[in-house]
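Structure first, commentary second.
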Amino acid sequence: MPPIPDLTNRKRAVVDVTNWTYFNPVRIVSAAGSSARLAEHIGYQRVALVTSPGFTRRGVVERVRTSLGGRLVAVFDDVKPNPDVLDVDAQADALGPLAPDCIVALGGGSSIDTAKGLARLLSQPVGTTLAAHFRDGIAFDGGVAALPVVAIPTTAGTGAEVTPFGTIWDFGLGKKYSVTGTDLYPAVAVLDPELTLDLPEEVTISSGLDAVSHALESTWNRNASPITLGMATKSLPLSLPALERLRVDPRDVAARSAMMQASLLAGLAISQTRTALAHSISYPLTTGFNLPHGIACSFTLPVLMKFNAVADDGRLHDLARAVGHADPAAFSADLCARFAALGVADLFRRHVPDMNAAMELAPQMITPGRADNNLRAVSAEDVAELLVASLAQVDSNYLAHASRPVAPAS
Ligand SMILES: [Fe+2]
């Protein structure tokens, strides 16, 4: 009988992983074709659907309409990537008079984030705006729960279908805000991998790398628990091979399905831990250069793996072994090679051609509530060094790697 490794006496580095809470109330439906049978999965009677124009064009909205019939009272198909605070306020103004009893989000992270912003606003007194809340500090009425959100993700990566936070951007002021609260956990998440079959390659890679980042960020995280560590350990062996396969065949149904499960597991993990240093570093690059979130929060991961290995209490070794490596250093090298093959450097350089301009943002990259979750404590000097090393890695991959360029989203 092979010996069972004894994990009971692991050294405690920074975190006591026996001291934790877990709460996630999202009902999850996972089945191919489930989005076309939405009426079977929700009981709401005045549904407002928010999505982006492509889903109307491709007939997906029509399938939802056929399923819901007269219960669908509004379709807003004008969600843009990275929702801006003023756009969400305008959508809430238009939607309020229709008195929806739930918001269904059909789309990627931007649609789900928009739905969470709308769900928060539409339960508040008329005239409440996100701009007044975030820019002027006007408090929401804390006694009123948000409208329920039903999330139908059409990308695999954000995990927003099972998290209680939504990201709203303020491009006018160059800021990022979060709507959050336990009432913003979606009521239902409907996972239909068929919706991801036609995703453009750039979106597949970028959103998929977001899921990779979530799994890693929930692991080198002070809020990790045995449950979240288990989810991350199940997520990465799905996402990393799936992304490799989808680069070859975007209509590989098994890989699409694996990627959606990986995204869900990583999303469940960060719903408890939140993200950490890679996300903290990412935000100024997205507001400053419009760098897609999944690229911005993943190009640092190989370097952060080695940085956090110094504080490892065994969890990073476990994760490395789960994907076939002896230790975090070997896993870091593998991530670097995989990212090169996926074209991460190319995607990064399309948006950030000037590495010096990226370095100038380093002082803004310690985001409270993210950087302080990181397993290893981090200083401003550390962030600058980590950024230099990560940008150098992007540059060397960009120059050395001659793989097929990633097809753009549009
Ligand atoms: Fe993310």
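The values are calculated or read from the model by the stated rules, or taken from the named source; none is laboratory data. Keep in mind the model is a prediction, meaning the values are calculated, not measured. Neighbour counts run over all protein chains shown; Cβ positions are idealised from the backbone, glycine included.
A few comments on the model shown:
- Matching option when the condition is within 21 Å of the chain's Cα centre (by Cα), within 16 Å of the ligand (Cβ to nearest atom) and under 22 Å from Lys175 (Cβ atoms), among Gly108, Gly117: Gly108
- Pair list, Cβ < 6 Å and 6+ apart or interchain, from the stretch 257-283 residues that are more than 12 Å from the ligand (Cβ to nearest atom) and assigned to a helix (DSSP H, G or I) to residues that are of a type in the set (D, E, K, R) and modelled with pLDDT of 95 or more: Leu265/Lys234
- Tyr177 passes every criterion in (1) within 16 Å of the ligand (Cβ to nearest atom); (2) at pLDDT below 95; (3) within 30 Å of Lys306 (Cβ to Cβ) apart from (3).
- Residue in the stretch 154-174 that is nearest to the ligand (Cβ to nearest atom), counting only those that are among the β-branched types (Val, Ile, Thr) and within 13 Å of Ser111 (Cβ to Cβ): Thr158
- Any chance Gly117 is at pLDDT 95 or above, in contact with a Leu (Cβ under 9 Å, 6 or more places away or on another chain) and under 21 Å from Ala189 (Cα atoms): yes
- The stretch 285-385 holds helices (runs of 4 or more DSSP H) entirely within its bounds, and those carrying 1 or more residues that are farther than 22 Å from Gly267 by Cα map to 301-309, 328-342, 344-351, 355-359.
- Leu240, sole failed condition from (1) of a type in the set (A, V, I, L, M, F, W, C); (2) part of a helix (DSSP H, G or I); (3) away from the ligand (no atom under 16 Å from the Cβ); (4) more than 18 Å from Ala341 (Cβ to Cβ): (4)
- Count of the stretch 221-232 residues, restricted to those that are of a type in the set (S, T, N, Q) and part of a helix (DSSP H, G or I), is 1.
- Residue within the stretch 213-220 that is of a type in the set (D, E, K, R), within 13 Å of the ligand (Cβ to nearest atom) and assigned to a helix (DSSP H, G or I) present: yes
- Residue within the stretch 69-86 that is free of Cβ contacts under 8 Å to residues at least 24 places away in the same chain and over 25 Å from Leu264 (Cβ atoms) present: yes
- The C-beta contact set for the stretch 221-248 (first residue under 17 Å from Met259 (Cα atoms) and without any contact (Cβ under 8 Å) to a residue 60 or more places away in the chain, second residue buried (at least 20 other Cβ atoms within 10 Å of the Cβ) and hydroxyl-bearing (Ser, Thr, Tyr), distance under 7 angstrom, 6+ apart or interchain) comprises Leu246/Thr204.
- Candidates Ala48, Ala39, Ala32, filtered to the one that is surrounded by 11 or more Cβ atoms within 10 Å (Cβ to Cβ), at pLDDT below 95 and aliphatic (A, V, I, L, M): Ala32
- The residue of the stretch 139-153 that is nearest to the ligand (Cβ to nearest atom), among those that are of a type in the set (A, V, I, L, M, F, W, C) and not in a loop (DSSP other than H, G, I, E, B), is Ala151.
- Annotation: Glu202 fulfils all but one of (1) within 27 Å of Val50 (Cβ to Cβ); (2) more than 14 Å from the ligand (Cβ to nearest atom); (3) at pLDDT 95 or above; the unmet one is (3).
- For Gly127: the one exception among (1) farther than 24 Å from Glu194 by Cα; (2) touching a residue at least 40 places away in the same chain (Cβ under 8 Å): (2)
- Number of the condition not met by Thr180 [criteria: (1) touching a helix residue (DSSP H, G or I) at 6+ places or on another chain (Cβ under 9 Å); (2) surrounded by fewer than 24 Cβ atoms within 10 Å (Cβ to Cβ); (3) among the polar types (S, T, N, Q); (4) in contact (Cβ under 8 Å) with a residue 24 or more places away in the chain]: (4)
- All told, Ala322 meets the bar of being more than 13 Å from the ligand (Cβ to nearest atom), farther than 11 Å from Leu216 by Cβ, touching a helix residue (DSSP H, G or I) at 6+ places or on another chain (Cβ under 6 Å) and of a type outside the set (Val, Ile, Thr).
- If you go through the stretch 106-138 and pick out every residue that is assigned to a helix (DSSP H, G or I) and over 23 Å from Leu38 (Cα atoms), you end up with 8.
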